[in-house]
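Contents: one structure, followed by commentary.
Please treat every number below as a calculation from the coordinates, not as lab data. Please read all numbers here as calculations on a predicted model, not as lab measurements. Cβ coordinates were reconstructed from backbone atoms using ideal geometry, including for glycine residues, and neighbour counts include every protein chain displayed.
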Amino acid sequence: MTTLLASLAQRALDLAPAGSRAIVGIVGSPGSGKTTLARAVAARANELTGDRDAAVHLPMDGFHLANATLDALGRHDRKGAIDTFDGWGFVALLGRILGERGNTVYAPAFERTVDEPVAGSIAVPPEARLVVAEGNYLLAEEEPWNRVPSLLAESWFVAAPEEVRLRRLVERHTRHGRTREAAEAWARDVDGANARVIEPGAAHATLVVDGTAELSENRP
């Protein structure tokens, strides 16, 4: 039986036949499961093609502004909000990925151990036909984020109940060093405020995916 993950990976590959390239955008509120899904879809696409360079996972988190910049702007206490990212840089990167097929395009990643973006951490090689871009604001209406959809072959919104998202977020924040009380406050006040900006994007997505669905597969 075709599982959800295999079905989604094949759907994404069908958007990018051999010799072409497409970007699929996976969007969702904090704690929805979008990162887990994006990583899994890219990995499964590589398995389906037998080519480890066929699909690349590209998180938007590499475009977090540096902590020193956030301090200078007075925004560090709400890191993760839409104005704490380099949106123009992310849009430009997507354009490069679509336009530059003859060379490797390097992208930044976010390193949680230092809580900072790290330049040149993700390689999109010429062989890559599918890029699975993932982040909170790919369907946000304000500029420059409203330029993202035109660069995507499809957008998938990962939806999960608020109580599920909050539980996951508290677990994540405590795992990365916050006290339980601080983790609950951040999940409620900062992540919650961001979710109110993100959730309306579901109405504009090509596909809505259940963020609580089982993604594991039993296969040889």
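Listed values, structure above:
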read-out: Segment 34-61 residues near the modelled residue 210 label - backbone nitrogen below 17 Å, point 7 Å along Cα→Cβ; value: 34, 37
read-out: Pairwise label distance in nanometres, residue 10 with residue 36, each label 7 Å out on the Cα-Cβ vector; value: 2.4
read-out: Cα gyration tensor shape for segment 154-220, rounded if a/c is under 1.5, else prolate or oblate; value: oblate
read-out: Global form of segment 45-180, assessed from the alpha-carbon gyration tensor, a/c cut-off 1.5; value: prolate
read-out: Residue 109 paired with residue 79, simple spin-label distance in nm, labels 7 Å along Cα-to-beta-carbon; value: 1.8
read-out: Dipole of segment 16-207 [Lys/Arg +1, Asp/Glu -1 at C-beta], most positive-end residue of 130, 108, 50; value: 50
read-out: For residue 58, distant residues with modelled amide H under 5 Å away; value: 132, 133, 134
read-out: Label point distance in nm, residue 203-residue 127, each placed 7 Å from Cα along Cα→Cβ; value: 4.4
read-out: Calculated from backbone phi, Karplus (6.51, -1.76, 1.60) coupling profile of segment 105-114 in Hz, x at Gly/Pro; value: 9, 9, 10, x, 10, 9, 9, 5, 5, 10
read-out: Gained length - residue 141 relative to residue 47, 0.36 nm times residue gap less alpha-carbon distance; value: 30.4 nm
read-out: Fraction of antiparallel bridges per DSSP, segment 16-207 only, in percent to nearest 5; value: 30
read-out: Nonlocal amide H pairs with residue 105, under 5 Å, H built at 1.01 Å; value: 124
read-out: Residues with amide H under 5 Å from that of residue 22, placed H, sequence gap 5 or more; value: 130, 131
